[in-house]
Structure formats: structure tokens, C-alpha cells
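Report on one structure; see the data block that follows.
The values are calculated or read from the model by the stated rules, or taken from the named source; none is laboratory data. In this text the structure is predicted, and so the values were computed from the model without any measurement. A quick note on method: Cβ atoms are made from the backbone with ideal geometry, for glycine too, and the neighbour counts reach across all protein chains shown. To get the accessible areas, we keep the full protein, side chains included, count just its heavy atoms, and leave off ligands, DNA and RNA. Shrake-Rupley method; radii C 1.70, N 1.55, O 1.52, S 1.80 Å.
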Amino acid sequence: MCGIVGAVAERDVTHILVEGLRRLEYRGYDSAGVALLADDNSIKRIRVKGKVAGLESEISETFHGHVGIAHTRWATHGEPSVKNAHPHVCRNQVAVVHNGIIENFEELREKQHQSGYEFTSETDTEVIVHQIFQHHIAEKQSLLASVRLATAELHGAYALGVISAEEPGRLITARSGSPLVIGVGIGEYFIASDVAALLPVTQRFIFLQEGDIADITKNTLTIYDQSGEEVTRPIKESELSADAVERGEYRHYMLKEIFEQPRAINDTLEGRISDHRVIDESFGPNAAKIFDEIKGVDIIACGTSYHAGVVARYWMEAIAKVPCNVEVASEFRYRRPLAHKNSLFVTISQSGETADTLAALHEAKKMGYKYALAICNVPESSLVRESDLVMMTRAGPEIGVASTKAFTTQLTALLMLVMSLGRRNGLSEQREAELVEELKTLPRKVEDVLKLDDEIKTMAESFADKHHALFLGRGTHYPIAMEGALKLKEISYIHAEAYPAGELKHGPLALVDDEMPIVAVAPNNELLGKLKSNLQEVKARGGKLYVFADQHADIVAGDGIEVLSVSPIDEVIAPIIYSIPLQLFSYHVAILKGTDVDQPRNLAKSVTVE
């Protein structure tokens, strides 16, 4: 979602702030802004609707300062506009940038209005800057004390960067429910909502914990926990390089990330399989003991991660013989679920900061779930810190909004979990060894399917003028069809829905005509015969078929049917392999339609608000 950058230094921080915003563009946003404390200690601010490039063009040579905050906004309260863009300023004395949502902003706004505060925006953030100003100036509190008093009155989620003309060398930051990191330099400090924003200036980071408030000057950093006690948080060295989030030779981040999947899967497997078995300790030092107690698995996730969880349900019950439930995180805590105390509560999130998934984890702990496992791509994220066990996916930075390598590495991690639990429930050593060998072949087989890119591009050319599509799959490939439909709608804006192929007669068949293309996933498994019958039903009604099929499936291209042949693949790992041509297909359709592939409209990379 929104992005925050801030800095306190001896040098001019303008370029650092703008470059930080540019590196956060992948999160999705509709406006951008920056505020600095000028040499005369006044607050100078520039805001624009649209891209960071537009903000940069508005910055003149005289716009500079040693302390500043900047922001990219994704609209929640109030439409995308300059007046709603951050930073927000109160009476030219206090400036604030904010990620999150303040749930009681209407109540605070009414009180502030009655006290004579004027509102220039429709945002919930503006009540924060007024609340801080009220304590800071009117009550003559320090900026630190004012932020602490103001945040105590907020209900909801926030990550804040605050500067004041009254205390020009100081930057205050606070977090509750939204991520925030502090970058440590030499005689300078930085803040950001993501380490990627600060990689050009530091590799050393402090990850603030829930409820922390930090008081920052160029030479000092003091952190207070939610009880007001001074605390020390560890400094961690990031292994990411500044160019890790660059596109390189690729036209888009999404394409780069699709082609990074062999490496990402290999890294996810590295050091976690030995002697033909998965190493339990890959999930944490106490994993073996915990897994011995597990009688079921509950998987909670959102979006693409949810689709990975649905695939895992098939694996979990068929291979591991462990009962498995999968649920969308945003629904879990509102339906009054019953806790399964001997079940492993598994959360899946690329960022580890997905608001609904984090809230579900908090609810699960209250409900009495004994153990929680996070499958995540960001080591220092909230989800990782708050879980008992962790499996890092090692996908590396994923910048494109449409998830690709995060999905396939999540599936890889989930299959390893299935094997670890399975050996406790009758999975033989021989079968586990066979599955381990299949896992080892994954990077090479992904490379093979990526070689079909030109064929997929050609297939996409006859699809770009479509407005609707149905995706079909059976068994573990139904959630792959769901993921394929999601990718297409995300980046091409074509309306797409997925169904189990056996459900055609229960409604979707009524939609089929020569204007409704059908995309099908057809591996060579025990359900192939039934799927082929479903495809014949579509063809008989004039539907155009696009089939991603095993080359031995005996599905032949012809009038009304295009076929992409995929080399034979073991049934268990087939869902991982078949997801990749669907990613490429969606990418090429989007290119032909001329959409913004990496930053599709209305979407954000990390959904950090509910």
C-alpha cells in the first residue's frame, strides 16, 4: 500500500527521499509528496497527483533540507488528489506522513472542528497532524511526548513520520499495525515502510516492533516500547543489494520475476533436503517436536497466497493424510470459527505484513491455537516475528504487483511441509525420497517451460481483444485455474473467473459462446478423461478453447482450439509447473492491451490495511 520515507542527516536529503519513493512505487499509489525543514526551519512541501516522476519535476534547486519526510498514497479516505496527498501539515508547524487507517477519525475530526481546526483534505490522516499539533504547540509538550499522547488516542493502524518547525533537528516515528524500519547510517538515520527504499544509502536496519516510538536526530536514536520504556532493538544487516530491485534487461519487473523462478525455487530448497528427506528443522529448531503433536492443519491467506493454500489442501490430505482447512484471512475471524487446538495454524504472505492475515493470526492465538507457522518472503516481517515456526521462501524482492515467484516458492515450501507432516502419518521413506527427487528437478523443469515463452506470446495475440474468460481445472489444477484467472484480471483488466471443470453444467455453461474464450489446464492425470469431456461440451457450444496440456494428453489443436504442449511432469509438482505458462499468458495479453503491467490500476503490492 502507501509508502513512507524519512531522513535526518548532515547532507541534503531531498534526493534520498525522492529515490526512496521511486523504489516504493511497486506498492501501488495515486499521489506523492515530500516535506522538508528548510534552512530557516520552516516546513516546505510539494505534493502531486500521479507518479513520483511528476513530483520530482516540481522540485526546484532551492528545495532542500537536512530533515524530511515523503510519501506515496493509495487512496482510502478521500479520492486521489493533491489536497488528499501526504504529507499533511497543521498551521505550518507540524507535518505528518501516515500509512494505515484510523478507525475513529470521524469522532476526532468532529472534536477538532469544534476546537477551531480547519480541514483541507478528506483524509483520516489529517486528524493525526492536528492531534499532534494540539499537544505539541497548545500544551507546550515536546514533539516526542505529543506523538505519544496523540497515538494513544488513535484507534486503528498507523506507521508515522513526524517533523516540526519547533524542533527542526528531530524526526519522530511510530508504528502500530503497519510496518516501519529505521535505516542506520553514519551520522544519519532514515525511516521507511520497506527496506527496498533505503538500499542505496544503507544495508543496516532496525525493525520497529508493535507499539514502538522512536526519537531520531542525526546523531541519536532512542526507541521506546508501547509501555513507554526505553528499549534496544537489534541492528540487522540486509543481504539485498541496491540493484536487487532493478529491472535489468527486462521490460517489466513481472517478466523479470517470472524468469527468476528457477533460481528462487532452488534457493527455497537449498539446505532443506538431505538424505532423501525434508529436514524438519527447516521450519524452526522445535519443529520436529511440534509436528509430532499436529493432528490437522488450518491455512489462512489472501489472494495468490490463498490459491497456494488451496493447492496445499489437496496435497495435505492425499499425501500427508492430515485433515486440512483453507480460508480467506479476511473472513476467518468474522465467522466465529472454532479452534482446533492440535491443528497447526499456517499463515501465508509474501510480505508478512498483510493486514487481514496478521489479524487472523492474532485471533487464532486468542482462540487457543497452540502453534503457528508462517510461510513468508520477508525475514523481518511482523508475521515472521509473531509465529512459532517459519519457512522463508527466499524468493527475493518481488516488485510487480501480480505475484509470480512468490506463488511458486510458496507452493514449494508447502510441499515440503506436507512431506514433513506426512512421514508422521504413514508416508513411506521410499515415497518421500521420490517426492524429494521431484523437488530437486523443479528448477530445471521450470526453465524448460519458460522456453515456451514465444509460443505463449503467439497464443496471446488472438486473446487480447476479449472482454471475459472462463478458466477451468480439476483437482489440484482448479486452484491453478483460479490463479490464472486472477493474473489475467489483475494486469489485463479482462474479466475472468475460474471453475472446477465438473461445475460447467451447474451454471457457467450458459455463458459459453463464440465471444467467451475458455482457458483450461490439462495435465495427464486420472482426471484428464473427465476434463476432455468438459472441453467437448464447450466446443459443441462454439466456445474458443485455449488449452495448456501435457503433450501426451492427446488434445490436438484445430478449429476453435489452441494448444500449448507441456512436457510430461509428475502429478504432484505439476501445479507448480502449470502456473508458469499462465503467468506468461497473462503478461503477454496485458502487453498487447497496453496496460501498466507492474502497477495495475487500483491495486497495491502489500495490502497493509483491512
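See the values below:
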quantity: Candidate residues H136, H467: accessible-area rank, largest first, probe 1.4 Å; calculated: H467, H136
quantity: Area of Y334 that stays accessible when all protein chains are in place (1.4 Å probe, Å², to 10); calculated: 120
quantity: Gap separating the Cα centres of segment 10-43 and segment 189-206, nearest whole Å; calculated: 14
quantity: From phi via Karplus (6.51, -1.76, 1.60), per-residue ³J(HN,Hα) for segment 212-220 in Hz, x at Gly/Pro; calculated: 5, 10, 10, 10, 10, 10, 5, 10, 9
quantity: Calculated FRET value between Y250 and A53, using beta carbons and R₀ = 25 Å, to 0.05; calculated: 0.80
quantity: Carbon and sulfur %, accessible surface of the chain computed with the full protein complex present, 1.4 Å; calculated: 46
quantity: Accessible area (Å², 1.4 Å probe, nearest 10) - M459; calculated: 10
quantity: Bins of 5 Å, starting at 0 and running to the largest distance - Cα pair percent for segment 196-330; calculated: 2, 7, 9, 11, 14, 15, 14, 15, 9, 3, 1, 0
quantity: Surface accessible to a 1.4 Å probe, per residue, for the residues of segment 159-250, Å²; calculated: 41
quantity: List R91, R109, R73, ordered by accessible area with a 1.4 Å probe, largest first; calculated: R91, R109, R73
quantity: E210-H495 FRET efficiency (beta carbon distance; Förster radius 41 Å; 0.05 resolution); calculated: 0.55
quantity: Inter-label distance for R431 and S81, nm, one decimal - labels placed 7 Å from Cα along Cα-to-Cβ; calculated: 6.2
quantity: Pairwise Cα inverse-distance average, inverted: Kirkwood Rh of segment 51-140 (Å); calculated: 14.3
quantity: Most to least accessible of R313, R272, R247, R233 (protein chains only, probe 1.4 Å); calculated: R247, R313, R233, R272
quantity: Phi to ³J(HN,Hα) by Karplus 6.51 cos²θ - 1.76 cosθ + 1.60 over segment 157-173, Hz, x for Gly, Pro; calculated: 10, 7, 10, 10, x, 10, 10, 9, 5, 6, 10, x, x, 10, 10, 10, 9
quantity: For segment 92-228, size of Cβ-based charge dipole, Lys and Arg +1, Asp and Glu -1, in debye; calculated: 520
quantity: Value at 222 nm in deg cm²/dmol, rounded to 500, when DSSP H runs of n ≥ 4 in the chain each add -39,500 (n - 2.57); calculated: -10000 deg cm²/dmol
quantity: Kyte-Doolittle at least 1.0, axis length at least 24 Å by Cα - qualifying DSSP helices, the chain; calculated: 405-422, 574-593
quantity: Residues with amide H under 5 Å from that of G177, placed H, sequence gap 5 or more; calculated: Y158, G211
quantity: E447-D275 FRET efficiency (beta carbon distance; Förster radius 35 Å; 0.05 resolution); calculated: 0.85
quantity: Quotient of C-alpha Rg and 2.2 N^0.38 Å, computed over the chain; calculated: 1.01
quantity: Dimensions (Å) - segment 402-457, Cα atoms, principal axes, largest first; calculated: 44, 24, 12
quantity: Percent antiparallel among DSSP beta bridges (both partners in the chain, rounded to 5); calculated: 60
quantity: 1.4 Å probe accessible area per residue over segment 295-435, in Å²; calculated: 33
quantity: Average Cα contact separation per residue, segment 176-251, under 8 Å, 6 or more apart, as relative contact order %; calculated: 27
quantity: Area projected by the alpha carbon convex hull of segment 256-325, averaged over all directions, nm²; calculated: 6.1
quantity: Per-residue HN-Hα couplings for segment 276-288 [Karplus 6.51, -1.76, 1.60; θ = phi - 60°; Hz; x = Gly/Pro]; calculated: 6, 8, 7, 7, 4, 5, 4, 9, x, x, 9, 4, 4
quantity: Computed accessible area, I577, all protein chains, 1.4 angstrom probe, square angstrom; calculated: 0
quantity: Estimated translational D of segment 1-151 in µm²/s (Stokes, Kirkwood radius over Cα pairs; 20 °C; 1.002 mPa s); calculated: 137
quantity: Segment 372-435 versus segment 213-230: alpha-carbon centroid distance in Å; calculated: 35
quantity: Coordinate range along principal axes, alpha carbons of segment 310-383, Å, largest first; calculated: 32, 27, 20
